[in-house]
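S.K.: The structure follows.
The values are calculated or read from the model by the stated rules, or taken from the named source; none is laboratory data. Everything numeric here is computed off the predicted structure, so don't read it as measured data. Here the Cβ is made from the backbone with ideal geometry for all residues, glycine too, and neighbour counts use every protein chain on show.
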Amino acid sequence: MSQTITETQVAPPPTLILKTTAEDKPEDKPHDDYRYANLLPHFSSDQYPPLAPFTHADPGLRALDHPNPRAFLDTATSVVELTPRLGTEVHGINLAELDSGARDELALEVARRGLVVFRDQHDFIDRGPDFYKNWGSHFGRLHVHPTSGHPAGYPEIHLVYRDANSTFNFEVSDSITSTVWHSDVSYELQPPGLTTFFLLSQPETGGDTLFTSQVSTLKKLSPQFIAFLRTLTAVHSGVEQANFSRSGKRGGIVRREPVENIHPVIRKHPVTGEEALYVNRQFTRRIVGLKREESENILKFLYDHIDKSGDNQARLKWRPGTVAIWDNRITAHSAIVDYSDSKERRHGARITPQAERPIPALDGLQLN
């Protein structure tokens, strides 16, 4: 069950400033010539109850029983590893045409590689929100974001948006960098697993996305330190995100009351069995049971390690028709906001199925 926690926070998250208000919304502006105007951010005032726990059946487990768990790649014209530790780029496959068995195999491949990028997926993107929901539902229960914009009538589709007049992204205004590593909505009791994201519109250059392997960042640490980290749990909080929206920013809507949950600092993947670091600057607040200074210093060390580990990272340069699929349980990512001066539109959609409650790497670890 969700737990509300009175906490002494680690260093507070960066001050986040947006350049728009709830009254300055893209759906209120004329976009008659924009191909994806029906997918512009909408901020309904609908209210939703707390998310109920559910049993997640990971499709990657089914693929383990297939004679060839990578058979969905047989027709690909190119399969290239982006880095040795993270990411694969695929050409020649139409994701929209994958059957149920191939989708299971895809889930297993993403679990093993962390990130799989598919190019030339215009058919997938142009099939629209009903198709997006059908696609995502194969991989888990679709998450409805408590504060973000979504296409009108489709709260399950999370949108990021920025143009010359407005932005609904989180942007750090008082920092020397726009890089904020995070695992999506890690404050939920059952955070996302296999996540699909694509851009409907993008700047000519810039707006890339960084990814890092949390499996690899963990493996870089000493065995003694890893053994200690396995004994720890941490608070992940959605309160600051909700309060930011309540202040009138990012659409000014909170559709579901924020939650805080305790997760293991090191989690285990239910399909591959691999262990991954599971903390992030955006949502992790403190380590349970440690004094404030102890928690702050450990988390700062881990955040710095994630930030600086370029040998565990991959940078995705978007092209029209690109679809990125990653495993939110074993990766972290950050948008790169380097295109603001161009005034160009960047409009993305995310399909976010939830997965299991994070499994501790240490058997018997209490999540309370």
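S.K.: Lys343 is checked against (1) out of contact with any strand residue (DSSP E or B) (no Cβ under 6 Å at 6 or more places or on another chain); (2) modelled with pLDDT of 95 or more; (3) of a type in the set (Lys, Arg) and fails just one. What number does that condition carry?
M.R.: It is condition (2) that Lys343 fails.
S.K.: Just need a number here: residues in the stretch 218-244 that are over 29 Å from Val144 (Cβ atoms) and surrounded by 21 or more Cβ atoms within 10 Å (Cβ to Cβ).
M.R.: 2
S.K.: Can you run down the residue pairs with Cβ atoms below 9 Å, 6 or more apart or on separate chains, where the first is in the stretch 36-55 and free of Cβ contacts under 8 Å to residues at least 40 places away in the same chain and the partner is surrounded by 11 or more Cβ atoms within 10 Å (Cβ to Cβ) and assigned to a loop (DSSP other than H, G, I, E, B)?
M.R.: Ala37/His31; Thr55/Glu356
S.K.: Could you list, ordered by first residue, the pairs with Cβ atoms under 7 Å in which the first is in the stretch 180-208 and within 16 Å of Tyr161 (Cα to Cα) and the second is of a type in the set (Lys, Arg) and surrounded by fewer than 20 Cβ atoms within 10 Å (Cβ to Cβ), at least 6 apart or interchain?
M.R.: Asp208/Arg315; Asp208/Lys317
S.K.: If you take the residues of the stretch 112-145 that are acidic (Asp, Glu) and out of contact with any helix residue (DSSP H, G or I) (no Cβ under 7 Å at 6 or more places or on another chain), which of them is farthest from Arg350 (Cα to Cα)?
M.R.: Asp120
S.K.: Does Thr177 qualify as being free of Cβ contacts under 8 Å to residues at least 12 places away in the same chain and either crowded, with 19+ Cβ neighbours inside 10 Å or assigned to a loop (DSSP other than H, G, I, E, B) (or both)? I'd like the intermediate steps shown before the answer.
M.R.: On the way: free of Cβ contacts under 8 Å to residues at least 12 places away in the same chain: yes; either crowded, with 19+ Cβ neighbours inside 10 Å or assigned to a loop (DSSP other than H, G, I, E, B) (or both): yes.
Yes, satisfied.
S.K.: Taking the stretch 35-76, which residues are within 20 Å of the chain's Cα centre (by Cα), farther than 22 Å from His150 by Cβ and in a loop (DSSP other than H, G, I, E, B)?
M.R.: Scanning the stretch 35-76 gives Pro53, His56, Ala57, Asp58.
S.K.: How about the stretch 77-161: which helices (runs of 4 or more DSSP H) wholly inside it have at least 2 residues that are surrounded by fewer than 20 Cβ atoms within 10 Å (Cβ to Cβ) and acidic (Asp, Glu)?
M.R.: Working: elements: 100-113, 122-126, 129-137.
The qualifying helices (runs of 4 or more DSSP H) are 122-126.
S.K.: Please state which one of Tyr278, Tyr303 is in contact (Cβ under 8 Å) with a residue 40 or more places away in the chain, within 20 Å of Leu229 (Cβ to Cβ), aromatic (Phe, Trp, Tyr) and out of contact with any His (no Cβ under 8 Å at 6 or more places or on another chain).
M.R.: Just one listed residue meets the conditions, Tyr303.
S.K.: Just the residues that are in a strand (DSSP E or B), among the aliphatic types (A, V, I, L, M) and under 15 Å from Asp184 (Cα atoms), please, taken from the stretch 343-368. Talk me through it step by step, then tell me what you get.
M.R.: Of the stretch 343-368, the ones in a strand (DSSP E or B) are 346-351, 353-354, 359-360.
So of that shortlist, the ones also among the aliphatic types (A, V, I, L, M) come out as 349, 351, 359.
Hits for the stretch 343-368 are Ala349, Ile351.
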